[in-house]
1. Which condition number does I76 fail, the rest of (1) buried (at least 17 other Cβ atoms within 10 Å of the Cβ); (2) in a strand (DSSP E or B) being met?
2. Taking I63 as meeting all but one of (1) at pLDDT 90 or above; (2) more than 9 Å from the chain's Cα centre (by Cα); (3) assigned to a helix (DSSP H, G or I), write down the number of the exception.
3. Can we say I63 is β-branched (V, I, T) and surrounded by fewer than 13 Cβ atoms within 10 Å (Cβ to Cβ)?
4. For segment 22-40, does any single residue satisfy the condition of being among the hydroxyl-bearing types (S, T, Y) and either surrounded by 11 or more Cβ atoms within 10 Å (Cβ to Cβ) or modelled with pLDDT of 90 or more (or both)?
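The values are calculated or read from the model by the stated rules, or taken from the named source; none is laboratory data. Predicted model, so just to flag it, every value in this text is computed and none were measured. So basically every Cβ, Gly included, is an ideal-geometry build from the backbone, and we count neighbours across all protein chains shown.
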Amino acid sequence: MLLEARDAIAAIEIGERIGWKLLGIDAFRVSGKSIQPLQDYSIDFGFTPTKNSSDYRVAVDIIESSPAVGIYFELIFDNDL
């Protein structure tokens, strides 16, 4: 599911509250019939062995730094940790 920035930030905050590990975020520019991945606003936290509270803040900072229009985010959580 692709989320607008404000919804992605809200989902990250909920995930942190309920204890889900944030594995990463992927960003995409959506326009017309095309979807383009954006590495500048994507990050992988999956290599860290434990939940790290700073991961959530870094993810929110990345999302907030993205252009407001046409950028959507996919969040990857692991709720088994």
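1. Failed condition: (1).
2. Tallying (1) at pLDDT 90 or above; (2) more than 9 Å from the chain's Cα centre (by Cα); (3) assigned to a helix (DSSP H, G or I), I63 fails exactly one: (2).
3. Here the answer is no, as I63 does not meet what is asked.
4. Step one: of segment 22-40, the residues among the hydroxyl-bearing types (S, T, Y) are 31, 34.
Now restrict to residues that are either surrounded by 11 or more Cβ atoms within 10 Å (Cβ to Cβ) or modelled with pLDDT of 90 or more (or both): 34.
Checked against the condition, which is being among the hydroxyl-bearing types (S, T, Y) and either surrounded by 11 or more Cβ atoms within 10 Å (Cβ to Cβ) or modelled with pLDDT of 90 or more (or both), segment 22-40 yields at least one hit.
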